[in-house]
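*Asks:* Handing you a structure now.
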């Protein structure tokens, strides 16, 4: 079992990624695709007059401020625009993909953060009307049901709270949760950087290998959004995923490139 | 097997419909829910600066002009906003719903209209860049897979063409195709009118019963959007669905009200 996360930053060529995902899937590899959509969410939120806001937690992690209106925009972009265009592209490449969000069939179930402690303009504040959370359970039965019937699941990183509220969850950590609950051998996290960089943004300082036991030590090299990727990787290897690769979505055949060891390999 | 279509016009209380759908499903009735979203699509299209356009075919049917940008907005509203809020509501009511579009798993496959003959300002024109079509095949295996595992499928009326392009399809006719391919005993079409009216919009002129063999004769009473509902009903009964009911989504317990015979019953 292989889990692939493809990021949602500006300028990624999803059709090229889907073409390569299709080749790997058609080669007989069972796989699950998780996608991002943050850039498009920002664009649409701006167009709809509800501009994106980001908050930094007291521990230094950046996340999207998700009031109910933002959650709705997030659903439109992730489950509508992104998910369906990826499913359509995979179908064009001959793969019978099925798009789901974590809300569907309680695929990703977790804990909504009842209060988020953030720092705004240097001052601590507590947000209580935020629809974000973390994944605790994965409905592996639903995924196995679809995989056994030959479908490729394409998952939007929303989740459902234990109280049945839709929530925004981090895509990298959702992919890590899926990989560990599905006992995947490997998790590939594709984005618009070649991997973890010792001196961001200098791509020549790519870290090629991290021993699984030392992932957390490397957290200090992670800038901004990369922090959640490293956190997801740490969670995945701790929970038994054999190998996590941070790799470049912009190269030719990005999935097979990552499988062959290009990028930052954690194992 | 029961198929329910709930319309997408202004002012429908989806949460009330979902509460009733949940009661019927929890009573042991296998069912599939198909939803609309035209009003919200108009609102979002307007907000995004790509206002909705409607065209009238030479045979008098009104449909949404669907260029590629409209298709994307349609996906955002139907698969994102509408579908996920319905799934969330059903989950709150204790039903393990799974939202899908007709693109997913090639659930609804059909023929894209390569050219649409329309009348604009009294003159005939041919549109060639439209992403609309009609459903020909239904992936009943995928629906049975989910139903057997206890899930309630919630379907957005998009379809995939035989050439793997996403398309907008009419929701009422998609529901009719699902009902006939799934050998449903009954199809309930809920909207913001009490049924087919002899003198639209006078609700006291409700037509209570139409013999299956005579549906097409009643087409003359159908105004605007109602035409596709009557066409869908005619297709469903011709293909073996025992009973089609046009009923009011705005009443208390709308599904059980329709099941008990309120509305326009075709059988």
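*Asks:* Exactly one condition in (1) touching a strand residue (DSSP E or B) at 6+ places or on another chain (Cβ under 7 Å); (2) within 28 Å of residue B:18 (Cα to Cα); (3) modelled with pLDDT under 95 is not met by residue B:223; state its number.
*Replies:* (1)
*Asks:* Still on this structure: With the requirement that a residue be within 10 Å of another protein chain (Cβ to nearest Cβ) and over 18 Å from residue A:78 (Cβ atoms), what does the range A:144-161 give you?
*Replies:* Residues satisfying the conditions are A:145, A:146, A:148, A:149, A:150, A:151.
*Asks:* Output the number of residues of the range B:112-136 satisfying the condition of being crowded, with 16+ Cβ neighbours inside 10 Å and more than 26 Å from residue B:21 (Cα to Cα).
*Replies:* The qualifying residues number 10.
*Asks:* Just checking, does the range A:183-197 include any residue being modelled with pLDDT of 95 or more and either within 14 Å of chain B (Cβ to nearest Cβ) or out of contact with any strand residue (DSSP E or B) (no Cβ under 9 Å at 6 or more places or on another chain) (or both)?
*Replies:* Within the range A:183-197, one or more residues are modelled with pLDDT of 95 or more and either within 14 Å of chain B (Cβ to nearest Cβ) or out of contact with any strand residue (DSSP E or B) (no Cβ under 9 Å at 6 or more places or on another chain) (or both).
*Asks:* Limited to the range B:24-66, what total is found for residues that are touching a residue at least 24 places away in the same chain (Cβ under 8 Å) and either surrounded by 15 or more Cβ atoms within 10 Å (Cβ to Cβ) or touching a strand residue (DSSP E or B) at 6+ places or on another chain (Cβ under 8 Å) (or both)?
*Replies:* The initial filter retains those residues of the range B:24-66 that are touching a residue at least 24 places away in the same chain (Cβ under 8 Å), namely B:24-26, B:29-41, B:44-45, B:48, B:55-58, B:60-66.
Remaining after also requiring either surrounded by 15 or more Cβ atoms within 10 Å (Cβ to Cβ) or touching a strand residue (DSSP E or B) at 6+ places or on another chain (Cβ under 8 Å) (or both): B:24-25, B:29-41, B:44-45, B:48, B:55-58, B:61-66.
Final tally of qualifying residues: 28.
*Asks:* Just one of the numbered conditions (1) at positive phi; (2) at pLDDT 95 or above is not true of residue B:90; which one?
*Replies:* For residue B:90, the exception is condition (1).
*Asks:* Where in the range A:157-239 are there strands (runs of 3 or more DSSP E), lying fully within it, with 3 or more residues that are farther than 18 Å from residue A:54 by Cβ?
*Replies:* Because the criterion is at least 3 residues that are farther than 18 Å from residue A:54 by Cβ, the strands (runs of 3 or more DSSP E) in the range A:157-239 that meet it are A:158-161, A:186-191.
*Asks:* Could you tell me whether the range A:162-178 includes any residue that is out of contact with any helix residue (DSSP H, G or I) (no Cβ under 7 Å at 6 or more places or on another chain), over 30 Å from residue B:163 (Cβ atoms), within 11 Å of another protein chain (Cβ to nearest Cβ) and free of Cβ contacts under 8 Å to residues at least 40 places away in the same chain?
*Replies:* Within the range A:162-178, none of the residues are out of contact with any helix residue (DSSP H, G or I) (no Cβ under 7 Å at 6 or more places or on another chain), over 30 Å from residue B:163 (Cβ atoms), within 11 Å of another protein chain (Cβ to nearest Cβ) and free of Cβ contacts under 8 Å to residues at least 40 places away in the same chain.
*Asks:* Among the residues of the range A:116-135, what is the count of those that are without any contact (Cβ under 8 Å) to a residue 40 or more places away in the chain and either within 23 Å of residue B:153 (Cβ to Cβ) or under 23 Å from the mean Cα position of the chain (by Cα) (or both)?
*Replies:* Residues flagged as without any contact (Cβ under 8 Å) to a residue 40 or more places away in the chain and either within 23 Å of residue B:153 (Cβ to Cβ) or under 23 Å from the mean Cα position of the chain (by Cα) (or both) within the range A:116-135 amount to 2.
*Asks:* Taking the condition free of Cβ contacts under 8 Å to residues at least 24 places away in the same chain, out of contact with any strand residue (DSSP E or B) (no Cβ under 7 Å at 6 or more places or on another chain) and within 24 Å of residue B:86 (Cβ to Cβ), does residue A:80 pass?
*Replies:* So residue A:80 fits the description; yes.
*Asks:* So which strands (runs of 3 or more DSSP E) are wholly in the range B:71-123 and hold at least 3 residues that are farther than 19 Å from residue B:9 by Cβ and facing another protein chain (nearest Cβ under 9 Å)?
*Replies:* Qualifying strands (runs of 3 or more DSSP E): B:97-101.
*Asks:* In this structure, is residue B:141 within 13 Å of chain A (Cβ to nearest Cβ), surrounded by fewer than 22 Cβ atoms within 10 Å (Cβ to Cβ) and part of a helix (DSSP H, G or I)?
*Replies:* Yes: the conditions hold for residue B:141.
*Asks:* Which of the residues that make up the range B:1-51 are assigned to a loop (DSSP other than H, G, I, E, B), under 22 Å from residue B:232 (Cβ atoms) and modelled with pLDDT of 95 or more?
*Replies:* B:1, B:29, B:30, B:36, B:37, listed by residue number.
The values are calculated or read from the model by the stated rules, or taken from the named source; none is laboratory data. What you are looking at is a predicted structure, and each value in this text was computed from that prediction instead of being measured. Don't worry about glycine lacking a Cβ; one is built from the backbone with ideal geometry, like all the others, and counts go over all protein chains shown.
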